[in-house]
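Structure first, then comments.
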Amino acid sequence: MRYRALGKTGIEVSTHCLGTMMFGAVGNPDHKDSARIIHAALDAGINFVDTADMYSAGECEEIVGKALKGRRDDVVLATKVHFPLGEGRNRSGNSRRWILKAVEDSLRRLDTDWIDLYQVHRPDHTTDIEETLSVLSDLVRAGKIRTFGCSTFPAEDLVEARHVAERRGLMRLRTEQPPYSILARGIERSVLPTAQRLDMGVLTWSPLASGFLSGAYREGRSVDLTTGRAKLTPHRFDPAIPGNAAKLAAVEQLVTLAEEVGCILPELAVAFPLVHPAVTSVIIGPRTMAQLASLLKGADLLLDDAVLDRIDEIVAPGTDLYQADGAWQPPSLTERAWRRRPAGERAAAD
């Protein structure tokens, strides 16, 4: 396993990061089996573990905490805050009030005295970024976290956060965690170049594009829309929809390319994000030991320029054929009021 510097934090992390979202009720409910998978990843040289308070409503953090007993000092542990936990108001977002509560809960569930990387899981435009940076800076000074970053922030928010930190004398976001895969290359346009200019570490998620790059979905095969992710978002998997047909067509070309390279499609998919000079580590999220072994098998896969040129021909740089599940969308796109003036103000003349 290779190791890279996590931005300018002085922390070295493995180029594979163990994502733990599939441990707990939403994936592998067996705590002992999940712990064995974590131990196997550590034994393989992975020293970077990523989780979040909202994964299985906190259960995942508890699993990780138990698994790291006796090995905590050797692990760079990352978790996140933002999404709702429990009923009631003020139990989500990026406010000082919620972050101060959420970090204590995460420390308790993880059974640790500190978190190495604490990440704001999504943007929150109801909270001033200064408020968020201020409380995170305080948590570093208190020794509860070592450094902090964000996940799925657009480039303009990264720039604004840096500007506010410098203007207000606050600590700055040190990392960004965006979705990135062969089928989702949109962040190559601005997020990755911005992260490079700001000396931020980048850990990417969803390298298998919700299974499209796992080999589970192939052109000409029927897709069961009644189970798993396809049941939750059938419009993203139904092959009758032109956008999904385009993904499957690209997958067929990538399967052929992987065969020519001498690997399987998931190995090609996981190797791809690490080629970009802005990327520090790629998150792999196995649910079973067999999945972990399969992903680790391709850790030494080297993609040469000829292979990368072929990938560029199949999915052009900066192009999204796939939108990652759960990827944040700005209110400027999702909220009508941000896109449409009041009816009486839309015409050029009264």
Can you tell me which residues in region 120-154 are closer than 17 Å to GLY10 by Cα and touching a residue at least 40 places away in the same chain (Cβ under 8 Å)? ILE145, ARG146, THR147, GLY149
What's the total number of residues in region 184-206 that are under 12 Å from PRO317 (Cα atoms), open to solvent by 30 Å² or more (accessible area, probe 1.4 Å) and assigned to a strand (DSSP E or B)? 0
List the pairs whose first member sits in region 269-281 and is under 21 Å from GLN291 (Cβ atoms), whose second member is at pLDDT 95 or above and among the charged types (D, E, K, R), and whose Cβ atoms are under 7 Å apart, counting only residues at least 6 apart or on separate chains? SER281/ARG4
Go through region 166-183 and count every residue that is open to solvent by 40 Å² or more (accessible area, probe 1.4 Å) and under 28 Å from ASP111 (Cβ atoms). 2
Run ARG97 past the list (1) surrounded by 18 or more Cβ atoms within 10 Å (Cβ to Cβ); (2) over 22 Å from VAL64 (Cβ atoms) and report the number of the one that doesn't hold. (1)
Among the candidates ALA209, ALA216, residue that is modelled with pLDDT under 95 and open to solvent by 40 Å² or more (accessible area, probe 1.4 Å): ALA216
When restricted to ALA40, ALA35, ALA67, ALA44, the only residue in contact with a Ser or Thr (Cβ under 8 Å, 6 or more places away or on another chain) and not acidic (Asp, Glu) is ALA67
For residues that are of a type in the set (Val, Ile, Thr) and buried (at least 21 other Cβ atoms within 10 Å of the Cβ), scanning just region 136-165, find the one that is nearest to GLN329 (Cα to Cα). THR152
Tally time: how many residues in region 317-350 are farther than 20 Å from SER210 by Cα and open to solvent by less than 60 Å² (accessible area, probe 1.4 Å)? 3
Looking at (1) farther than 25 Å from LEU301 by Cα; (2) open to solvent by 10 Å² or more (accessible area, probe 1.4 Å); (3) touching a strand residue (DSSP E or B) at 6+ places or on another chain (Cβ under 6 Å), find the lone condition where THR112 falls short. (3)
Top-ranked residue of region 48-76 - restricted to ones that are open to solvent by 30 Å² or more (accessible area, probe 1.4 Å) and closer than 26 Å to ALA290 by Cβ, ranked as farthest from the chain's Cα centre (by Cα): GLY70
Got a number for residues in region 219-232 being assigned to a loop (DSSP other than H, G, I, E, B) and either touching a His at 6+ places or on another chain (Cβ under 9 Å) or surrounded by 14 or more Cβ atoms within 10 Å (Cβ to Cβ) (or both)? 3
With (1) closer than 20 Å to CYS17 by Cβ; (2) open to solvent by 20 Å² or more (accessible area, probe 1.4 Å); (3) under 18 Å from the mean Cα position of the chain (by Cα) as the list, and THR79 as the residue in question, which single condition is left unmet? (2)
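The values are calculated or read from the model by the stated rules, or taken from the named source; none is laboratory data. Here the structure is a predicted model, which means the values were calculated and not measured. Positions of Cβ are generated from backbone atoms using ideal geometry, with glycine treated the same way; all protein chains shown enter the neighbour counts. Remember, those area values only see protein heavy atoms, side chains included, never the ligands or the DNA or RNA. Shrake-Rupley method; radii C 1.70, N 1.55, O 1.52, S 1.80 Å.
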